[in-house]
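Values in this text are rule-based calculations from the coordinates and carry no lab data. Predicted model, so just to flag it, every value in this text is computed and none were measured. Every residue, glycine among them, receives a Cβ derived from its backbone with ideal geometry; neighbour counts consider all protein chains shown.
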Amino acid sequence: MFFCWSTRIWDFAENPGSAESRNRSNCSFERLMNRFSQFYALGATLVSLSGCSTVTDMVTSHLPERHSGRPSIVVSLREQEAYLDRGGYRIASSRISSGREGYRTPTGHFQVIRKDEDHRSSLYGDYVDDSGHVVKANVDGRRDRRPPHSHFVGTPMPYFLEFSPGYGLHQGYLPGVPASHGCIRMPYWKARQFYDAAHIGTPVWVKS
């Protein structure tokens, strides 16, 4: 495409032609440049988003389901992946971040016991003042002393699917390694997809 534009510019310089021809050439060139600018802006946006797999997650989480039946969730701690099955067919998968050393995610066969779209942690979060400013970040409400004139605000855990008391799948930060306090973090679009598909009683199998 660049070669084509360069050729047109060179031809115009060598053979300027009439004023009408020059005007038509200028208009065509401007349209091409405008289109290139639009494509460039779109490309830059997609590249920046795809760097964190946001575009892929968004697209795959909105694909129409081809299978019916009861949903079930399988989590592989070794692979750091979660899978959504329906009627025996795998319909979705997601990267995860499970519990780090000292906060291992429990393994075994469970089921969804609670759903909370706007859940916040009751244990981990920040101490903030009345103006909403963080006074002390990343605290454990059971162990870290509360500074004067502050209160505890739990860490947001959207699309929370609790499968064992205090443990669940939810949207959260994924650094590429197990990093949570025991829950299973997922990207936004995938957490939302799993949340929408699951219901109370959906089987959850967490394996090593």
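Would you please give the FRET efficiency between Ser131 and Tyr188, computed as 1/(1 + (r/R0)^6) with r the Cβ-Cβ distance and R0 = 25 Å, to the nearest 0.05?
On the way: r = 28 Å, r/R0 = 1.12.
Step by step, r from the Cβ atoms, then E = 0.35.
Tally Lys and Arg at +1 and Asp and Glu at -1 over the other residues with C-beta under 13 Å from the C-beta of Arg90: what net charge comes out?
On the way: positive: Arg66, Arg86; negative: Glu65, Glu81, Asp85.
Local net charge: -1.
Would you list Leu161, Leu84, Leu63 from fewest to most Cβ contacts within 10 Å?
Values: Leu161 27, Leu84 22, Leu63 10.
Sorted ascending by nearby Cβ count, the order is Leu63, Leu84, Leu161.
Under a cut-off of 22 Å between alpha-carbon atoms, report the lysines in cross-link reach of Lys207, not counting same-chain residues fewer than 8 places apart.
Correct list for Lys207: Lys115, Lys190.
Divide, for the range 68-206, the radius of gyration over alpha carbons by 2.2 N^0.38 Å, where N is the residue count. Don't skip to the end; give the middle numbers.
On the way: Rg = 15.9 Å, N = 139, 2.2 N^0.38 = 14.3 Å.
The reported ratio for this selection is 1.11.
Positive end of the charge dipole of the range 109-208 (Lys, Arg +1 and Asp, Glu -1 on Cβ, about the Cα centre): tell me which of Trp205, Gly172, Gly154 has its Cα farthest that way.
Comparing the listed Cα positions along the dipole, Trp205 ranks first.
Can you tell me the length gained on complete extension of the stretch Glu101 to His151, counting 0.36 nm per residue apart and subtracting the Cα distance? Intermediate values should be presented prior to the final figure.
Numbers: separation 50, 0.36 × 50 = 18.00 nm, distance 2.84 nm.
In short, 15.2 nm is gained.
Order by neighbour count: Tyr195, Tyr173, Tyr188, fewest other Cβ atoms within 10 Å first, most last.
Tyr173, Tyr188, Tyr195
Would you mind ranking Glu162, Glu117 so that the residue whose beta carbon has the fewest other beta carbons within 10 Å leads the list?
Glu117, Glu162
Compute the length gained on full extension between Ser208 and Ser93: take 0.36 nm times their separation in residues and subtract their Cα-Cα distance, giving the result in nm to one decimal. Don't skip to the end; give the middle numbers.
Working: separation 115, 0.36 × 115 = 41.40 nm, distance 1.67 nm.
Roughly 39.7 nm would be gained on extension.
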